[in-house]
Each structure stands twice: as structure tokens, then as C-alpha cells.
Amino acid sequence: MITIRNLHASVDGNEILRGINLEINAGEVHAIMGPNGSGKSTLSKVIAGHPAYEVTQGEILFEGKDIAELEPDERARLGLFLAFQYPVEIPGVTNAMMLRQAYNAVRREQGLDELDPLEFDDHLQEKLKMVEMDPSFVDRDVNSGFSGGEKKKNEILQMAVLDPKFALLDETDSGLDIDALRIVSQGINLIRNEKNAVLLVTHYQRILNYIQPDYVHVLVKGRIVKSGGKELALQLEAEGYDSILESIEA
Amino acid sequence: MSERPDLKLSAVPPEAFPVAAGVRSAARTRFEATAFPSARHEEWRFTSLRSLWNTGFDQDATASAAALLAEVALPETDGRRIVFVNGRLDPTLTDFALEGVRMQPLSQALAGPSPASSVFDTAHTFSGDWFADLNTGWFTDGVFLHASRHAAPQGPIGIYHLVTAADALVLPRVLFLGETGSEVSLIEFFAGSDGIGYLTVPFTETVLADNARLHHYRIQEDGDLGAHINRCGSLLGRDADLQSFTISLGGRLFRNDFRAMLNGEGGHATLDGLVLVHGNQISDTHSVLHHMQPNCTSHQLHKCIVDGVGTSVFNGKIFVDSIAQKTDSFQENHNLQLSHHGMVYTKPQLEIFADDVKCSHGATVGQLDDEQMFYLNSRGLSAAETRYLLTLGFASQIVNALPAGSMRDRLAGRVDDYTRKSLSFVPA
Ligand SMILES: Nc1ncnc2c1ncn2[C@@H]1O[C@H](COP(=O)(O)OP(=O)(O)O)[C@@H](O)[C@H]1O
Ligand SMILES: [Mg+2]
């Protein structure tokens, strides 16, 4: 699904990602864990194509195609989705309007007919139920005045509506209470299938109680320093990042 | 070459409005003694009136306005419609009957002592201002609207100020009095034909008694060569509530001067505005929120989009008198620049003489936000679609807050047209 080779990326001349290698196949869930400032959000934004980050070396292959030169919207229309760690507020643009435009943009890309507002609403209502959100949610302005938990749920709603091939979730679990965490996890589990892949970026092991990852990677200072199965997450939880750092440096 | 317009004024003697004769001749005297404003006047630093210099405007110019009315009339004002044509109240196009609100030509209302005469010329502080005195001294007729105690008519009143005569000088006058506990919606719609030059100087006064509420919508869709310089004053009593909204879309030169005086405890004034500028338009809003009594609140959200080589000016004054403790006032001005050649001038001006108050203001000038752009791009929306949605969203924040109906639909449509045109956006 996605292959990242020797990826180096900088922002404002500072190198943040320093040689990332990652291979994620359809049907898999990977987790990337790492201390604050290790480059998790940078990796997420670089994969999604944020214009502030410059890829200085390496490649990002999505279904065999190098996407490093594509615009963020082109990547999204290929089936890539980023759930933001800090979703921005967009006053004046309703969730419904944004989602319908986004959904239809993907449909156009796939050569399918666009849905009119009524047809789209049916599709949307079904997804709203899935994330246990009030229908009035979609008439509100994107993330405007939303609580932290509502913003994260809104990311999951968008993911569910757009049904991406590859979903990248940047600390979607952070700052959620148990109830919201359950709903968010449930949303992720519902869209999982053997044709798509998920990369969960997280600081805590907690969400991995709800979503079983196939692989866990530890990111430190812009490099993946250790990879393993889900037991690696438990080890991190028990021993903290310091022990891993020490064992690597030793 | 004179550095002012050449006005041909109507021969209406001050005595035409017997109880206002004194006010009118005083205004005429001041007017004759006042110089036409130039950039040396603090209030006119950024808005040039040169385009009016040496240009003739005739207060007696006339032309039919039935076609223009048909274009702009909002269905929700049917049967509650007052029409000014080239500055004169037009009895044939006017169609007004509303339970709880009395409408009278000012010539009748000011014929003798009356509710109108007791409040006429009291709801503003514009005396000595060239444009205000021009209107006060020479308006040929106007309208008085009187909402009785606790009147709460359904649906809005529409006052249409239509200009269709080339080179017209237009001086409409409106006086509104809302008695205790009344609640009224008033739409003032300013429209003019494209392709003709004119100067319109409308003057509206609204007086709100205790507990009265007025929703005052002002839509400016003047003709592309029209110059519109208005004066609007509002005097609020105890617990009165003014909800005012102005949208500026048309005209070549627009100056909106709005002053609200919170003259009773517990009053509230909202003064929101949306300005869309393109081509070489100039749109200027000067406002005063004057807190004269304790425990009043005011709120102002003023948004401007500037395209082309247009100019947008905002000067928002908040005055808090020393007696006006516990004032809570909030002002925001946001400007979105779509072109590199447009000009934005913004100046908040707070003058606070009380010590126990909450006053804040903020102003931003800039282009679309990069993080918002990236967010929508990452959902699959193209750069063009994203710019369109965000620009529309910037304006929609104000338009969406309007009551549902044909006014909002019309304005939403106008905002959409403007956005598509400015961004050359053609949907996929
Ligand atoms: N725009 C930026 N300019 C400069 N440094 C940045 C910028 N964005 C991120 N960084 C730096 O890159 C490092 C990684 O940040 P980030 O990817 O947000 O980490 P994480 O998500 O793992 O907490 C941090 O040291 C951060 O300060
Ligand atoms: Mg992060």
C-alpha cells in the first residue's frame, strides 16, 4: 500500500525526519510511537503533502506510485487520509458542505457520478450513527467551537465518509476520555478491511487496547529505532521511552 | 475648478416642515459655513472625495424606478414597503399597512407638535458635518415610522432607496421611533442603476424607548458609478436593544457612518458589517459606539474582503463616559485581501473614561490561512475549490447569522457571485 524509503524532510532548514523506512501492506494496522518532538506529526504531514515541509531525500510510494511531488489534494483523491492532531477551525464552512465537496471530489477522480445534497445526506447520516454524533453536528462550521473530543470525532467522521485506502491518524487518541476513545476506536475498527491500511500515530499505549496493531514502530529523533509486534507497545508502556533509548544507545 | 461638488438644490423652504424649520435653517447656516471635507480632515484621511469635485448633482433630477424596484423588492416586505425614488417618497410604489406601526410622510409628521417632532434630530451627533447638514437642511421629504408600545409585527418593513436619475442629488430622510417594549425589523435597501453618476446622502435616525428592540438591516447595492455617503444615528433607552447589520456590495464610493448612543442602563447595540470590494471601489465604515450609561453592552464584528485595486477603510470608535461603569464592549475587524493591489486601512479607537469596564478589540489583515488551506486540500478539495470555500466562509459567518428568508438568500447569492468572480472560480 505504502512504502517509505530513506525519507528525509526539513522545515525552515531544520532536518526533522532523518531516514525513515516503512512498508505497510493492505489489511495491516501499524502504530508509530515516540516521545514528544520525535517527528510523528512531521511524518504525518509530509506523507499528506504539507507545503511547509521539504522532502530532501528518499521516496514515498503509494500503490507503487511516487507521490512526493503531488499536491495534498491529489494525494487525498488517490485515497490517502490524515486525521490531524490539531484539527483547525474553519468558521463559515459547514461540515456538510466540506464533506460533500470532498466526497464528490473523490467520486469524480474515480469516474463516478457526484451525489446531490439529498443523496449525500443519506450517506452522511449513516456515518454519523457510526461515530455516535448528533445529526446537528454536520450543520456546524468545521471544528468551530468544538471541544477537543468533538474535533477528534469529527476527524473520524470525515474518515468514515471518505473511506480512504490509507488512513493516517495523528494522535487521534490524545486528550480523549474513555467514552470518546471507545467511539473513535470503534470508528477505526469499522472502516478497517483487508483492502485498506491504517497508520496510528500515538504517544500512549492506551488506544492499542482497542485497536490491535500488526506492527509497532518506535520513532526517536526522526528515525525509526525499533520495530516489533504489539508486545513492543506494552514494553514501552511499562518501561517508558528512556529504556529503549538507552538500549539503542548502548 | 472647485474642490467640491456643484449642487443644484431644490427650492423647498425650511418652513415646509413647520416644527423643524428652526433645525433646518440652522443646518443650512452651518452647511454654508462648512468647507467640503478633504484628506486634511481626520475623518477623511483614507477616503478621497476627489471624484465628486466639480461634478454637478441636481436634487430635482427624476426618472422612473419601477423596473429597479422589481429587481430588488424582497417578497417578505410586500405590503410593508416604503419606496423613495431619487430621494422622494413615492406614494404609488409605496404599499404599507402594518398593525402596530404607523407610517407618515415627514411633512405631515413634522407639521405640528407630535411624537416625531419630539425626537426628530435628537438621535445623532452629526451636526456640523457637511453631509449631515446637507440632508437636514434640504431633504424634500422623508418618512416617519412609529411603532407603538409593545408592538411586535411579524416580518420586516422594507424601505427602498432607489436612484435612477443621472446626476441626481438624493437626500432621503428616515425617522424611526420604537416605543417601550416594541420589536421591529427594518430593512433599508439602497439600490441604484448602473452606468449613471449620482450622489446619495441618506440620513436615518432611530430612537428606541426603554425595552424596545430594533433589527436594522442595511443593504447597499448602489449602481456602479454611484456615490453614497450616509449618516445613521441611533439613540437607545434603558434595556433597549439595537441589532444592526450593514452589507456593502455596490457603488463606486461608499461611506457608512453609524453612531449608536447607549443612553439608558442595560442597553445593547450590535453593529455588524460585511464589505465586499472589487475593481476600484472605495468602501469606508466609520462607527461610534457611545456608552453613556452604566451596564450597557456592545458588540461589533466587521468583515471586509478586498479584491482588485479597491479600498476598504474601517474606523471603529468606542467611547465610554466616566459614568458608564460595567460597560462590556467588544469589537473585531477582519480583512481578507484577495489581490496584492487592494488597500486596507483599519483603525480601532477606544476612548474610555470609566475604570470598571471590559473593552476589547482586535483587527486582522491578511490572505487566506495556510493551515485552513492545507486542511481542506488534505480532504481532496483542489486549491481553487478551497480558496472559494474559505472566501465564501469568511463572508458567510456574517450572512448565515441573518434570519432565513429572501433577504438572506439574495445576499448569500451576491456573496457567492462576488467570490466566484474574484477568484475566477468555475466549479468542476
Ligand atoms: N514549522 C516548524 N518549524 C521548526 N521546527 C518545527 C516545525 N514543526 C515541527 N518542528 C520541530 O520538529 C520536531 C518534531 O515535531 P513534531 O513532528 O511535531 O513532533 P511530534 O509530533 O512527535 O511531537 C520538534 O522538535 C519541533 O519543534
Ligand atoms: Mg505530534
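Cut-off 10 angstrom, C-alpha nodes, Gaussian network model of chain B. Which of B:E205, B:E332, B:E385 fluctuates the most? So, out of B:E205, B:E332, B:E385, the one fluctuating most is B:E385. For GluC sites (Glu not before Pro), the sites in the range B:1-95 that DSSP calls loop and that have at most 12 other Cβ atoms within 10 Å are B:E3. With a simple spin-label model that places each label point 7 Å from the Cα along the Cα-to-Cβ direction, the separation between B:H41 and B:D6 comes to 2.2 nm.
Tell me, what % of the accessible area of chain B is carbon and sulfur with a 1.4 angstrom probe?
51
Dipole magnitude for the range A:2-249: computed about the Cα centre from +1 point charges on Lys and Arg Cβ and -1 point charges on Asp and Glu Cβ, it is near 360 debye. The DSSP beta bridges internal to chain B are antiparallel in roughly 5% of cases. For chain A, the share of accessible area belonging to carbon and sulfur comes to 46 percent (1.4 Å probe, ligands and nucleic acids excluded). Ordering B:S51, B:Q293, B:Y345 by Cα displacement along the dipole of the protein assembly as shown toward the positive end leaves B:S51 in first place; charges were set at the Cβ atoms of Lys, Arg (+1) and Asp, Glu (-1).
Each of A:I60, A:V142, A:L176 was scored by the projection of its Cα onto the charge dipole of the range A:2-249, and the greatest displacement toward the positive side belongs to A:I60; charges sit on the C-beta of Lys, Arg, Asp and Glu.
Here is the interface size for B with A: some 2100 Å² of accessible area buried, both sides summed, with a 1.4 Å probe.
Counting, for every residue in B:262-271, the Cβ atoms of other protein chains within 10 Å of its Cβ and taking the mean gives 0.
For chain B, the Cβ-based charge dipole about the Cα centre amounts to some 260 debye (Lys, Arg positive; Asp, Glu negative; other atoms uncharged).
Rounded, prolate or oblate: which one fits the range A:69-142, using the alpha carbon gyration tensor with axes a ≥ b ≥ c (rounded when a/c is under 1.5, else prolate when a/b beats b/c, else oblate)? It is oblate, given that a/c is not under 1.5 and a/b is not larger than b/c. Report note on the peptides B:102-109, B:50-57, A:142-149, A:75-82: ranked by the mean count of other C-beta atoms within 10 Å, highest first, their order is A:75-82, B:102-109, A:142-149, B:50-57. Protein-only accessible surface at a 1.4 angstrom probe places the residues A:M33, B:M373 in the order B:M373, A:M33, largest first. Overall, the anisotropy analysis places the range B:1-135 in the oblate class: the square-rooted eigenvalues a ≥ b ≥ c of its C-alpha gyration tensor yield a/c not less than 1.5, with a/b not exceeding b/c. Between B:Y345 and B:R102, what is the FRET efficiency for a Förster distance of 41 Å, r being their Cβ-Cβ separation, to the nearest 0.05? For B:Y345 and B:R102, the calculated efficiency is 0.45.
Could you tell me whether chain B comes out rounded, prolate or oblate from its Cα gyration tensor? Rule is a ≥ b ≥ c as square roots of the eigenvalues, rounded for a/c under 1.5, then prolate if a/b exceeds b/c, otherwise oblate. Since a/c stays below 1.5, the shape of chain B is classed as rounded. Note on B:390-402: average number of Cβ atoms from other chains within 10 Å of each residue's Cβ is 3.
Among the protein heavy atoms, those of A:I67 account for about 0 Å² of accessible surface (1.4 Å probe, every chain in place).
Among the GluC sites (Glu not before Pro) within the range A:111-199, those in coil by DSSP and having at most 16 neighbouring Cβ atoms inside 10 Å are A:E114, A:E132, A:E194.
If you run the Gaussian network model on chain B, springs between alpha carbon atoms under 10 Å, then out of B:S48, B:S244, B:S25 the most flexible one is B:S48.
Label zone (B:S424, point 7 Å along Cα-to-C-beta; backbone nitrogen cut-off 20 Å) within the range B:306-326: B:306-310.
For a quick check, take a GNM of chain A with Cα springs below 10 Å and name the residue from A:T42, A:T56, A:T202 with the largest mean-square fluctuation. Among A:T42, A:T56, A:T202, the largest mean-square fluctuation in the Gaussian network model of chain A belongs to A:T56.
Report the antiparallel proportion of the DSSP beta bridges in chain A as a percent, rounded to a multiple of 5.
Percentage antiparallel, nearest 5: 60.
FRET efficiency for the pair A:E54 and A:T3, taken as 1/(1 + (r/R0)^6) with r the Cβ-Cβ distance and R0 = 22 Å, rounds to 0.65. Solvent exposure of the protein assembly as shown, expressed per residue, is 39 Å² of accessible area, with all protein chains present and a 1.4 angstrom probe. Rounded to the nearest 20, the size of the Cβ-charge dipole of the protein assembly as shown about its Cα centre is 840 debye, with Lys and Arg at +1 and Asp and Glu at -1.
The values are calculated or read from the model by the stated rules, or taken from the named source; none is laboratory data. Quick caveat: nothing in here was measured; it's all calculated off a predicted structure. Backbone-built Cβ (ideal geometry, glycine too); neighbour counts: all protein chains shown. To get the accessible areas, we keep the full protein, side chains included, count just its heavy atoms, and leave off ligands, DNA and RNA. Shrake-Rupley method; radii C 1.70, N 1.55, O 1.52, S 1.80 Å.
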